[in-house]
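The values are calculated or read from the model by the stated rules, or taken from the named source; none is laboratory data. What you see is a predicted model, and the numbers here were worked out from it, not measured in a lab. Every residue, glycine among them, receives a Cβ derived from its backbone with ideal geometry; neighbour counts consider all protein chains shown. Just so you know, the surface numbers come from the protein's heavy atoms only, side chains and all, with ligands and any DNA or RNA stripped out. Shrake-Rupley method; radii C 1.70, N 1.55, O 1.52, S 1.80 Å.
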Amino acid sequence: MPAGMAPSWLIALACVMAAASAIQPEVDGHVVEPASSIKFPATVPGESGSMHLLGTAIRVKKIVMISVQVYAVGLYVDRKILRERMVPEINSATFATLLSEDANVPLTIRIEMARSVGGDTMSGALKDAIEPRLKKLYNDDAAKTAKDMEAFTKQFDMSNLDTGTVLTFHKTQQGTLVTEVGGASKGEIASPNLCKAFLAVYLDQEAVVARESLLERIHLLFGGPA
């Protein structure tokens with residue numbers, strides 16, 4: 001080994017430690033999304049117990065050439081099912097498993113608004129992201145795509161989403177999307193394809209956020225009690 005060069009195992013260890021230190025710690029039951037300073041609870045209610053936070057990310061849009069924070073996102077998972085069906089790694093296979101109907105992993109997306117946005121604006125932005133993904137899943141069946149999108153956009157019947165408003169979207173094991181906005185139930189849509197298209201907005205290769213950030217705590221969920 002050339003003088004002054006660290007052994008490969010030491011370099012690898014340093015990389016792991018650096019990555020671990022970048023993960024936001026849990027304080028008083030919450031984790032802070034660093035770009036927005038928005039706090040996310042470490043757990044939220046799920047179908048069969050608590051859902052645990054996998055990671056957070058920030059949604060940024062350019063408005064007149066200026067990047068602005070629109071909302072922060074937290075991804076939650078059923079930890080027991082996560083441990084049964086996955087490994088503590090972040091790679092393309094991990095994202096594919098989370099989106100797989102065969103793996104059938106319950107997930108919750110929690111959004112908190114970082115700025116005030118019109119209800120129609122938020123609905124339209126999500127529609128623009130979901131619709132092309134949903135259309136592919138339905139093999140270009142326009143009628144089925146339109147039916148799901150109409151049901152989804154009806155959930156945004158408010159005039160405005162103020163800063164701090166929380167939206168939650170829970171995908172059940174049966175493939176139903178359960179939505180709450182500002183603590184009010186907005187109903188359920190039984191559509192595995194809509195669930196997958198919605199989650200793909202945040203988890204596929206063209207995600208609207210840094211998708212790796214949404215899994216940054218995955219190794220933490222493999223430690224401790226089930």
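So what's the net charge close to Val105: Lys and Arg +1, Asp and Glu -1, counting the other residues with Cβ under 9 Å from its Cβ? Combined, the nearby Lys, Arg, Asp and Glu give +1.
With charges only on Cβ, +1 for K and R and -1 for D and E, what is the dipole size of the chain about its Cα centre, in debye, rounded to 20?
So the dipole magnitude of the chain works out to roughly 160 debye.
For region 81-184, the equivalent ellipsoid derived from the alpha-carbon gyration tensor has semi-axes of 26, 19, 12 Å in decreasing order. I'd like to know which of Ser92, Thr172, Phe222 lies farthest towards the positive end of the charge dipole of the chain, counting +1 on Cβ of Lys and Arg and -1 on Cβ of Asp and Glu. Toward the positive end, the furthest listed residue is Ser92.
Largest mean-square fluctuation among Ala129, Ala93, Ala197, in a Gaussian network model of the chain whose springs join Cα atoms under 10 Å apart, belongs to Ala93.
In this model, which of Lys39/Lys135; Lys80/Lys127; Lys80/Lys144; Lys136/Lys186; Lys39/Lys80 are farther than 28 Å apart at the alpha-carbon?
Working: Lys39/Lys135 34 Å; Lys80/Lys127 32 Å; Lys80/Lys144 33 Å; Lys136/Lys186 26 Å; Lys39/Lys80 24 Å.
Over 28 Å Cα-Cα: Lys39/Lys135; Lys80/Lys127; Lys80/Lys144.
Considering only Leu214, Leu137, Leu82, the Gaussian network model of the chain with Cα springs below 10 Å gives its largest mean-square fluctuation to Leu137. Between Met122, Met65, Met113, the GNM of the chain built on Cα springs shorter than 10 angstrom shows Met65 fluctuating the most. The value of relative contact order for the chain, using C-alpha pairs under 8 Å at least six residues apart, is 21 percent.
What fraction of the Cα pairs in region 14-124, stated in percent, has a spacing above 21 angstrom? List each step's numbers first, then the result.
Numbers: 2939 of 6105 pairs.
The proportion of pairs with Cα distances above 21 Å equals 48 percent.
Which percent of the accessible heavy-atom area of region 68-226 goes to carbon and sulfur, probe 1.4 angstrom?
On the way: 3380 of 7150 Å².
Result for region 68-226: 47 percent of the exposed heavy-atom area is carbon or sulfur.
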